[in-house]
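All remarks here apply to the structure that follows.
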Amino acid sequence: MSEGVTVTVTWTIKPDRREQFEKSLRGMFPESRLHPGFRSIRLLQSATDPNDYVLIEEWDMVQNFHAYAKFREGTGDTQALLSMTVSYPQVGIWSHPPLAEAAKV
């Protein structure tokens, strides 16, 4: 298995669409798990601004993520999510392993 990649997608959501955004993403997660190269996905909400979210995904290869993103565009899910945003989300693709890390043992 490859080292993998982590994908981050930061979103700023319209205040009146937060509940719908969260519900929509939760509804997508079971299907996400079925895609080739999928490892994990998490949605986090900012502790300081409830309109800010980050989606953290892990994939075997960047190509797996791109294929998945294309799938979501084809289903209309991407457009539906974009209609809930204040601005276009920022996507980052990060290679593994970490360049540095620390953990409490």
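For Val105, all conditions in the list (1) among the β-branched types (Val, Ile, Thr); (2) at pLDDT below 95; (3) touching a strand residue (DSSP E or B) at 6+ places or on another chain (Cβ under 6 Å) hold save one; what is the number of the exception?
(3)
Can you find, within segment 8-22, the residue that is nearest to Glu58 (Cα to Cα) among those that are outside any helix (DSSP H, G or I) and not hydrophobic (A, V, I, L, M, F, W, C)? Walk me through how you get there before you give the answer.
Here is the first cut: in segment 8-22, the ones outside any helix (DSSP H, G or I) are 8-14.
Next, from what is left, pick out any that are not hydrophobic (A, V, I, L, M, F, W, C): 8, 10, 12, 14.
Working: Thr8: 9, Thr10: 15, Thr12: 21, Lys14: 26 Å.
It comes out as Thr8.
Yes/no per residue for (1) touching an Asp or Glu at 6+ places or on another chain (Cβ under 8 Å); (2) loosely packed, with under 12 Cβ neighbours inside 10 Å:
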| position | (1), (2) |
| --- | --- |
| Thr6 | yes, no |
| Thr12 | yes, no |
| Arg18 | no, no |
| Arg26 | no, yes |
| Pro30 | no, yes |
| Gly37 | yes, no |
| Leu43 | yes, no |
| Ala47 | no, yes |
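Cβ-Cβ under 9 Å, sequence separation 6+ or interchain: first residue in segment 84-100 and within 10 Å of Thr12 (Cα to Cα), partner basic (Lys, Arg). Which pairs?
Met84/Lys14; Met84/Arg17; Met84/Arg18; Thr85/Lys14; Thr85/Arg17; Val86/Lys14
Tally the residues that are out of contact with any Lys or Arg (no Cβ under 9 Å at 6 or more places or on another chain), farther than 16 Å from Met28 by Cα and not in a loop (DSSP other than H, G, I, E, B), restricting the search to segment 67-92.
Final tally of qualifying residues: 3.
Can you name the residue in segment 79-105 that is touching a Leu at 6+ places or on another chain (Cβ under 9 Å) and not aromatic (Phe, Trp, Tyr) and is also farthest from Val54 (Cα to Cα) among such residues? Working first, answer last.
Here is the first cut: in segment 79-105, the residues touching a Leu at 6+ places or on another chain (Cβ under 9 Å) are 81, 88-89.
In the following step, the residues that additionally are not aromatic (Phe, Trp, Tyr) were identified as 81, 89.
Details: Leu81: 13, Pro89: 9 Å.
Going through the qualifying residues, I end up with Leu81.
Looking at Leu55, Leu34, Leu25, which one is among the hydrophobic types (A, V, I, L, M, F, W, C) and part of a strand (DSSP E or B)? Please lay out each step first, then the result.
On the way: Leu34 fails: part of a strand (DSSP E or B); Leu25 fails: part of a strand (DSSP E or B).
None of the other options fit; the residue is Leu55.
Any chance you could count how many residues in segment 52-78 are of a type in the set (Val, Ile, Thr) and surrounded by fewer than 11 Cβ atoms within 10 Å (Cβ to Cβ)?
0
Which one of the conditions (1) surrounded by 15 or more Cβ atoms within 10 Å (Cβ to Cβ); (2) on the phi > 0 side of the Ramachandran plot does Leu81 fail to meet, given that it meets all the rest?
Leu81 satisfies all of (1) surrounded by 15 or more Cβ atoms within 10 Å (Cβ to Cβ); (2) on the phi > 0 side of the Ramachandran plot except (2).
The values are calculated or read from the model by the stated rules, or taken from the named source; none is laboratory data. Small disclaimer: the values here were computed from a predicted structure and weren't measured. All Cβ positions, even for glycine, are placed from backbone atoms using ideal geometry, and neighbour counts span all protein chains on display.
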